[in-house]
Structures are given as C-alpha cells and as structure tokens.
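The values are calculated or read from the model by the stated rules, or taken from the named source; none is laboratory data. Everything numeric here is computed off the predicted structure, so don't read it as measured data. All Cβ positions, even for glycine, are placed from backbone atoms using ideal geometry, and neighbour counts span all protein chains on display.
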Amino acid sequence: MASRSAHRRQLLRALCLSSAILAAIWVGGIRLAADGAPDPGLSARMVAATAPAGQLPRLRSLLVSVDGTLVHEQYRGGARATTPANIKSASKSVMSALVGVALAQGHLTTTSEPIAPHFAADLGPAADPRKRGITVEHLLTMQTGLESTSGRNYGAWVTSANWVRHALRQPLIADPGTTMEYSTGNSHVLSALLTRVTKQSTWQFANQGLARPLGFSLARWPQDPQGIYFGGNEMLMTPRQMLAFGELYLNDGRVGERQLFPPDWVKRTFVPRGRSRWGSDREYGYGWWIRSLAGRTGYYAWGYGGQFVFVVPSVRLVMVTTSDPNVTRERREHLDSIYGLAERVVEAAAH
C-alpha cells in the first residue's frame, strides 16, 4: 500500500513537471524555452520557495520564469491560465510601456515635452502658469505637482463629467518636478495624450504596438465619459500575458526580432525618481516601483489587492501574482506575504 502511494506521488510529480515543460514552451505567445526541462536543481528549489503560496487564501495565480523558462505555474480559487485578471494599478506600468512605444514610433519626441499644447482647453484660461511646465516625464513619475486624484479624492474624480479636465484642474500643491504625489489621474492623462498623438484609441495602440507583438490581444477595458481608455487602472490581462510583459523588460524591450522600445527606455524606466510616502523602502521610476528583494534590486508593476509583475534582472527572473481584488482587512498582511514570497523566489533563482 505504501509502495502504491509512493508510486502515485512520483507519477503526480512527473505529470506536474511535464505540464511545466509544456507551459514553458509558450507564454503569452512567446516561446520561452528552446528545448528541454528546467534545471532539476532550480525546479526543486522553486518548489520549496513557493510552498508558502498555499497558505495565502487570496492568491489566485503564481508564475515564475527564470532566464526565459517557466519554472513554476499554479492557479487557485477558480483561476485558470486563460482567465483574465483585473490588474488594477499595474496598468500604470503598461501605460509607461506604451509611452516608450510611442517614442520609438515617433509619435512623441521626448519625455521632457510639455503637455500643455495638447491640453489647452482642459487646463483652462485661468490655469496656474506653472502647469505649463508639466511634462510627459512628470506624468510618468507622479511629479506633476497636482493634487492627487487617488485615495480620498478618487470617487469625486471618477464620477466627474470629464476625467482629464478634472485631473488637470486640480490645484498645484508643489512645483512640477519636485515632489512625488501618487495619482491615477496622471496616468489617465497619459492615456489621453497617447490617444491624441497616435490618432487612435489607447486600446488600439496597445494592441498594435505592444500586445500583438507579444503574441496576444488585449481585451477592452473601461473608458471615461469622453471615450478615453482608463489610464492606470482596470486593464485585463491573463497571468501568462503579464509574464510576457515582464519578459519584455527583462529582454530590454525586444521580442523575437522586433524591438518595441530601445534598451535605453528600460534603463530610464528603472531609474528611481521618487519615493513613496507610505513606505520608505519603495521608490518609483517611470510607472514602475523599485525595492530590494533578497538583497537584489527588483522592479515591479503593482496593482491593488496583490496584482504584481516582478522583474529582477540580476537573476533573470520574472514573477507574476494575481489575487482576489476584493480586499479585506488582511490586505497589508497579504501584500507582505507576497513580498516575502518574492524574496524566497529570488533566493531560489540566485543559488
């Protein structure tokens, strides 16, 4: 009887490994593993590192790739590889990528370009003259100086008649370029800017310039009253699509033979330009968060409730999590557990 149980366990492990090998071939339409299985030692370390995930009731998916090979993939709570997740504010990192694509395609010339010529009517004739100094980079780094439309101001913003105008007519609480103030309105203005300079919707541009080269299509997500796709929230991606997005940054903006944005854009994106006032261990670049993970610098897209894409270049690692977005009072504990899980996974990849 014991021998039959042991045989069943061995068979189950073999089946799980086979599934991991098959999954490693295609993720988000990108071939990640040229041939063969992941290194057995790495696989064993990753099994141990990801074991605590089983104790996180709100976790819905966990995927890990190392050097382009999917080494761990699990789903819980009814989630599936093909089930889109609301990535919440991780959408801001996608908006940042789209700015990089727009620059590469010539729709924008520089991040130091002022946005005022594109939004004269939205700023209004009585606008504080300092607002004319707000640039694309200020939107990317949350340093517009405008009062935030997030937190306690979020409800008034998303129920306003014109989201772009509402965001740009907020009072200046600091000079542009001096202080980080997290605001989803900044990312939404980026979506409006992309719509105007590309002459197509953000959804169309995102599919043409980002998703399709990565091998998938993005579903539509909510729009504001003027039809501008929500910049900075509510985008839908499957965990494998999120993994492919992270791999794009790990590979310096390149997918196959196509360069979606130059390596310099990735370097500039990952330069710390501000620090969260809610956590001194978190810095902010161009729409990506930055913090130390097991002694190594990690860059991550972060969505409310536990939607993450971690990229750790020093160990060639991408880790994706999705979680139940219906946050409970255990929200902080859940996020801390994910960061701890990421550190264990980084350590496993490093040895």
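Inside the stretch 280-325, residues that are outside any strand (DSSP E or B) and at pLDDT 95 or above make up a count of 11. Residues in the stretch 170-188 that are closer than 23 Å to E234 by Cβ and surrounded by fewer than 24 Cβ atoms within 10 Å (Cβ to Cβ): Q170, M180, E181, Y182.
Against the criterion of being part of a loop (DSSP other than H, G, I, E, B) and touching a helix residue (DSSP H, G or I) at 6+ places or on another chain (Cβ under 7 Å), S65 does not qualify. Filter the stretch 74-100 for residues that are of a type in the set (D, E, K, R) and within 18 Å of the chain's Cα centre (by Cα); which is nearest to G306 (Cα to Cα)? It comes out as K88.
Restricting the first member to the stretch 191-214 and to residues that are among the aromatic types (F, W, Y), and the second to residues that are surrounded by fewer than 17 Cβ atoms within 10 Å (Cβ to Cβ), the beta-carbon pairs closer than 8 Å and six or more apart or on different chains are W203/R220.
Among residues of the stretch 218-240 being of a type in the set (S, T, N, Q) and crowded, with 20+ Cβ neighbours inside 10 Å, the one that is farthest from T195 (Cα to Cα) is T238. Annotation: A156 fulfils all but one of (1) closer than 27 Å to P222 by Cβ; (2) touching a residue at least 12 places away in the same chain (Cβ under 8 Å); the unmet one is (2).
Listed here are the residues, each with its yes/no results for (1) touching a residue at least 24 places away in the same chain (Cβ under 8 Å); (2) closer than 22 Å to R240 by Cβ; (3) touching a strand residue (DSSP E or B) at 6+ places or on another chain (Cβ under 7 Å).
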position	(1), (2), (3)
R254	no, yes, no
E257	no, yes, no
P262	yes, no, no
Y284	yes, no, yes
V309	yes, yes, yes
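Please tell me if G287 is under 11 Å from the mean Cα position of the chain (by Cα) and over 18 Å from S323 (Cβ atoms). Spelling it out, G287 is indeed under 11 Å from the mean Cα position of the chain (by Cα) and over 18 Å from S323 (Cβ atoms). Consider the stretch 182-200 and keep the residues that are within 19 Å of the chain's Cα centre (by Cα) and not in a helix (DSSP H, G or I). The one that is nearest to H118 (Cα to Cα) is S183. Filtered by the rule that a residue be in a helix (DSSP H, G or I) and either among the charged types (D, E, K, R) or touching a residue at least 60 places away in the same chain (Cβ under 8 Å) (or both), the stretch 165-181 gives a lone residue, R165.
Taking the listed residues A23, A85, A81, A53, the one that is of a type in the set (A, V, I, L, M) and at pLDDT below 90 is A23, with no other qualifying. In this structure, V64 does not satisfy being surrounded by 19 or more Cβ atoms within 10 Å (Cβ to Cβ), in contact with a strand residue (DSSP E or B) (Cβ under 8 Å, 6 or more places away or on another chain) and not assigned by TED's automatic domain parsing to the domain that holds T322.
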